[in-house]
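This report concerns only the one structure given below.
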Amino acid sequence: MTREVKRQLNEGPRIRREQELVSKMIHIYCRKKHHHTAFCEECQELNVYARNRLSLCRFGEDKTACAKCPIHCYKQDYRQKIKDVMRYSGPWMLLYHPIESIRHIPMPGKGRK
Ligand SMILES: [Zn+2]
């Protein structure tokens, strides 16, 4: 599949998994904090923003955890919001999605479709 975009977007398995993870965390946060069953407007915006940051991450599949990254690509207010989400949803992730929380290591030998 060839796609012409201004910049090559990341779509490797690692990035995709992190995108799923961040969406789940925002979802938990919104449900518990904002009492929305789906994303509220603010969280939807954050969700789109966070997924875009991952798509555009310059390290791609070699990225480290965002918290450890030397490049802070988030804008200040989004950064604060995602920090709150991580802090809040982190413990819930262990409860709801323990496998994803632990399996934060790239799986070798899994070819792309
Ligand atoms: Zn919300």
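Ordered by packing density, taken as the mean number of other Cβ atoms within 10 Å over each peptide's residues, highest first, how do 75-85, 41-51 rank?
Answer by packing, highest mean first, reads 41-51, 75-85.
Remark: spin-label model distance Glu11-Glu42 equals 3.4 nm, labels positioned 7 Å along the Cα→Cβ axis. For Gln76 and Asn52, the difference between the fully extended length at 0.36 nm per residue and the C-alpha to C-alpha distance is 7.1 nm. Here Ala65 and Lys32 are evaluated by their C-beta separation; at R0 = 30 Å the FRET efficiency comes out at 0.85.
Mean sequence separation of contacting Cα pairs (under 8 Å, at least six apart), scaled by the length of region 13-102, corresponds to a relative contact order of 35 percent.
Each reported figure results from applying straightforward, stated rules to the coordinates on display, with no laboratory input. What you see is a predicted model; the values in this text were computed from it and never measured. Every residue, glycine as well, gets a Cβ built from its backbone with ideal geometry; the counts of neighbours run over all protein chains shown.
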